[in-house]
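The values are calculated or read from the model by the stated rules, or taken from the named source; none is laboratory data. Everything numeric in this text was worked out from a predicted model, so none of it was measured. Here the Cβ positions follow ideal geometry from the backbone for every residue, glycine too, while neighbour counts run over all protein chains shown. To get the accessible areas, we keep the full protein, side chains included, count just its heavy atoms, and leave off ligands, DNA and RNA. Shrake-Rupley method; radii C 1.70, N 1.55, O 1.52, S 1.80 Å.
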Amino acid sequence: AVARDGGGFRVTLGSGHVVRARRILVASGLVDELPDLPGVRDRWGRDVLHCPYCHGWEVRDQAIGVLSTGPMAVHQALLFRGLSDDVTFFSHTGSLDEEQAEQLAATGIRVVSGAAAALEVRDDRLAGVRLVDGRLVAVAALAVQTRMVARAAFLAPLGLLPVAHPSGMGEYLPATDATGRTDVAGVWVAGNVTDMSAQVGVAAAAGAFAGAQINADIVAEDTRTAVEAARTPA
Ligand SMILES: Cc1cc2nc3c(=O)[nH]c(=O)nc-3n(C[C@H](O)[C@H](O)[C@H](O)COP(=O)(O)OP(=O)(O)OC[C@H]3O[C@@H](n4cnc5c(N)ncnc54)[C@H](O)[C@@H]3O)c2cc1C
């Protein structure tokens, strides 16, 4: 847990060890809550994917399915369409509005209606999506939308709580400026905990940038203290 400690913070580690700090940079990432469909958890990060910029190249030109499990499903299907001519959109328990249906049709994305029951795996490879009505639709890779939730429970004592992301994709800790500052004085955020779409490069750069801002903040505070001390007659 992280708690206030005078002008700074007290961080209690799992071991019970306590670390004191003048500033906190939160870089604890997020948890991808997976859709509740048999097979998804076992194949996650292998042939069940979410990010075209992470795994897209590996599944290019293959039969790619997109399982609609979140508000960005159609967007995701359109992104994967750039990687393969063979993209199937599983509407699953969701529905398409007129504009979305038109977009999928116009870009040559096949739509399969009906709820999915499970993933079918053969020889340790995804073979397809088994629908509740018994049909098996063959795909070699399946994109899903996860619910992305900031790992931030340990900040509750500071009153810093994750909030719903405007995209509907999960919960994040908002920054109040471009350096990663938060509503809580002395606490900065960087990476996936605040920017759920940040890849490694972006997350690392945000951490480096916030670190420099924190250092500048401490230097400014120390300078103020030094000036006050110098002005005070001995
Ligand atoms: C399946 C998958 C594939 C991906 N592939 C790519 C890719 O190819 N290229 C790419 O650029 N990005 C990829 N990404 C995205 C990449 O994982 C993120 O961009 C990156 O991990 C974000 O870094 P981060 O430091 O913000 O968070 P993380 O990497 O999640 O790091 C957070 C760290 O904080 C620790 N932590 C959390 N809570 C606590 C706590 N209470 N106490 C102590 N430690 C804590 C965690 O254990 C973790 O080590 C992929 C993501 C997934 C899910």
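Scanning the stretch 172-199 for residues that are at positive phi and either of a type in the set (Val, Ile, Thr) or more than 13 Å from the ligand (Cβ to nearest atom) (or both) yields a single hit, Gly186. Answer yes or no: is there a residue in the stretch 130-137 that is closer than 30 Å to Gln62 by Cβ, loosely packed, with under 13 Cβ neighbours inside 10 Å and either within 16 Å of the ligand (Cβ to nearest atom) or in contact (Cβ under 8 Å) with a residue 40 or more places away in the chain (or both). No, every residue in the stretch 130-137 fails to be closer than 30 Å to Gln62 by Cβ, loosely packed, with under 13 Cβ neighbours inside 10 Å and either within 16 Å of the ligand (Cβ to nearest atom) or in contact (Cβ under 8 Å) with a residue 40 or more places away in the chain (or both). Selection of first residues in the stretch 197-219 that are more than 16 Å from Ala175 (Cβ to Cβ) and of second residues that are open to solvent by less than 50 Å² (accessible area, probe 1.4 Å) and basic (Lys, Arg), restricted to Cβ pairs under 9 Å at least 6 apart or on distinct chains, gives the following pairs, ordered by first then second residue: Asn215/Arg23; Ile218/Arg23. When the stretch 13-50 is filtered for residues that are within 14 Å of Ala118 (Cβ to Cβ) and not charged (D, E, K, R), the ones remaining, listed by number, are Leu34, Pro35, Leu37, Pro38, Gly39, Val40, Val48. When Ala140, Ala156, Ala106 are checked against the criterion of being of a type in the set (Gly, Ala, Ser), modelled with pLDDT under 95 and open to solvent by 10 Å² or more (accessible area, probe 1.4 Å), a single residue qualifies: Ala156. For Ala178, the stated conditions hold: it is open to solvent by 50 Å² or more (accessible area, probe 1.4 Å), assigned to a loop (DSSP other than H, G, I, E, B) and among the hydrophobic types (A, V, I, L, M, F, W, C).
Which one is farthest from the ligand (Cβ to nearest atom), of the residues in the stretch 200-234 that are of a type in the set (S, T, N, Q) and loosely packed, with under 13 Cβ neighbours inside 10 Å? Give the derivation first.
Just the residues of the stretch 200-234 that are of a type in the set (S, T, N, Q), to begin with: 213, 215, 223, 225, 232.
Then drop every residue that is not loosely packed, with under 13 Cβ neighbours inside 10 Å, which leaves 215, 223, 225, 232.
Numbers: Asn215: 19, Thr223: 31, Thr225: 31, Thr232: 41 Å.
Result: Thr232.
Across the stretch 150-171, the number of residues qualifying as assigned to a strand (DSSP E or B) and either closer than 18 Å to His50 by Cα or near the ligand (Cβ under 8 Å from one of its atoms) (or both) comes to 3. Residues that are open to solvent by 40 Å² or more (accessible area, probe 1.4 Å), among the aliphatic types (A, V, I, L, M) and modelled with pLDDT of 95 or more number at least 2 in the following strands (runs of 3 or more DSSP E) confined to the stretch 1-98: 18-21. Can Ala185 be described as part of a loop (DSSP other than H, G, I, E, B) and either in contact with a helix residue (DSSP H, G or I) (Cβ under 8 Å, 6 or more places away or on another chain) or closer than 24 Å to Arg10 by Cβ (or both)? Yes; evaluated as a whole, the condition is true for this residue.
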